[in-house]
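Structure record follows, encoded as structure tokens.
The values are calculated or read from the model by the stated rules, or taken from the named source; none is laboratory data. The structure displayed is predicted, hence computed values, not measured ones. Glycine also receives a Cβ, built like all others from the backbone with ideal geometry; neighbour counts cover every protein chain displayed. Note: areas computed on protein heavy atoms with side chains; ligands, DNA, RNA excluded. Shrake-Rupley method; radii C 1.70, N 1.55, O 1.52, S 1.80 Å.
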Amino acid sequence: MKQDKIIKFLAYDNRISVICADTTNLVEKARKIHDLSPVVTAAFGRMLTMTVIMAAEMKNNKDKITVQIKGNGPAGVMLATANSMVKVKGYVANPIVDIPLNEDGKLDVGTAVGHEGYINVIKDIGLKEPYIGISPLISGEIAEDFANYFVNSEQRDSAVALGVLVDKNGVKSSGGYLINPMPDATEEDLMNIEQSIFKAGAISKMLDQELTLQEIAQKITGDENVKIIEDKIIPEFECDCSKEHFKEALMTIGKEDLETIIKEDEKAELTCHFCNKKYDFSKEELENILKEIKTKLK
Ligand SMILES: [Zn+2]
């Protein structure tokens, strides 16, 4: 299987920045972990793809980005969070939504997500306060919602495309791109790009036809001489949870509640929302945690 990848390019003599992503494997992994229905796979896959593209823009090791989409559709809240190593994790409130295809015969992402609601982006980039941007949903189709977010919240004009191709075996292809003009971009550059994007067609189709990200960058910009700036970014769906992490969570629920769990259940099974991994705590382990809490309280 081909490896997922994000590549940064510059086109038109450095006047246009382009980030292209192939996220086929990571979206398939998310689909399997969360047992997502096809339309939710497409919706969440598009959001995960944009999240890793934005994570690839971050500069420092400890930077983090969290994206939340809260639409009024049946999928409910979707959340994704990624670090600067471009490891992403996330979940959807309702993983299984089964609705008819739209009038074009495609998965109806807009209806699953909802046509009203908002995108909320939190960037923790080492400043005192995290950056928070909120923007209303336009259609729930995700790509245009993000394009609108970039204009509204980050004051940057962008071309955004996100696509996930799903068949009965799972994710066939998934990817996206983000195009941003630099301050010296010309009207002609922008017109060329607009026409090239139109001609190029859907990103998921180009990936399915096994075009490389460089070929895709050439197609969507109309510039044969796109320059690769960075090509060693490998996005992955990966959770960083651990038993230690859940032990800390248990320590915060309070002495009385923990005593009740020990008395009534004699064990605890905790599930990570992000990756559905289960962590079992035996009676003995719970009693040790209780002891630790008591020592701390002294
Ligand atoms: Zn996890």
Checklist line | Cβ-Cβ under 6 Å pairs, at least 6 apart or on other chains, segment 198-210 side free of Cβ contacts under 8 Å to residues at least 24 places away in the same chain, far side open to solvent by 40 Å² or more (accessible area, probe 1.4 Å) | finding: Ala200/Lys219
Note to self: Just the residues that are in contact (Cβ under 8 Å) with a residue 40 or more places away in the chain, of a type in the set (A, V, I, L, M, F, W, C) and away from the ligand (no atom under 16 Å from the Cβ), please, taken from segment 72-98.
What the structure shows: Val86, Ile96, Val97
Next item on the list: Go through (1) open to solvent by less than 50 Å² (accessible area, probe 1.4 Å); (2) within 28 Å of Pro183 (Cβ to Cβ) one by one and return the number of the condition Ala30 breaks.
Entry: (2)
Next item on the list: For segment 33-72, enumerate the residues that are more than 9 Å from the chain's Cα centre (by Cα), crowded, with 24+ Cβ neighbours inside 10 Å and not aliphatic (A, V, I, L, M).
Entry: Thr41, Gly71
Next item on the list: Residues being without any contact (Cβ under 8 Å) to a residue 40 or more places away in the chain and surrounded by 19 or more Cβ atoms within 10 Å (Cβ to Cβ): count how many of those fall in segment 220-236.
Entry: 1
Margin query: So in segment 237-279, with the set limited to residues that are surrounded by 12 or more Cβ atoms within 10 Å (Cβ to Cβ), basic (Lys, Arg) and more than 30 Å from the chain's Cα centre (by Cα), which one is farthest from the ligand (Cβ to nearest atom)?
Written below: Lys255
Checklist line | So Asn148, is it outside any strand (DSSP E or B) and not hydroxyl-bearing (Ser, Thr, Tyr) | finding: yes
Item checked: Matching residues in segment 176-200 - criterion: being under 22 Å from the mean Cα position of the chain (by Cα) and open to solvent by 10 Å² or more (accessible area, probe 1.4 Å) -> Asn180
Item checked: From Leu101, Leu137, Leu127, residue being out of contact with any Lys or Arg (no Cβ under 7 Å at 6 or more places or on another chain), hydrophobic (A, V, I, L, M, F, W, C) and touching a residue at least 40 places away in the same chain (Cβ under 8 Å) -> Leu137
Next item on the list: Could you please find all residues in segment 223-233 being out of contact with any Lys or Arg (no Cβ under 8 Å at 6 or more places or on another chain) and modelled with pLDDT of 95 or more?
Entry: Asp223, Glu224, Asn225, Val226, Lys227
Check: Leu26: part of a loop (DSSP other than H, G, I, E, B) and out of contact with any Ser or Thr (no Cβ under 6 Å at 6 or more places or on another chain), yes or no?
Finding: no
Next item on the list: Kindly indicate whether any position in segment 282-298 is within 16 Å of the ligand (Cβ to nearest atom) and open to solvent by less than 80 Å² (accessible area, probe 1.4 Å).
Entry: no
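Kindly indicate the residue of segment 29-54 that is touching a Ser or Thr at 6+ places or on another chain (Cβ under 7 Å) and among the β-branched types (Val, Ile, Thr) and also farthest from Val164 (Cα to Cα) among those meeting that condition.
Val52
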Next item on the list: Name, by its number, the condition in (1) within 16 Å of the ligand (Cβ to nearest atom); (2) open to solvent by 60 Å² or more (accessible area, probe 1.4 Å); (3) among the charged types (D, E, K, R); (4) touching a strand residue (DSSP E or B) at 6+ places or on another chain (Cβ under 9 Å) that does not hold for Lys205.
Entry: (1)
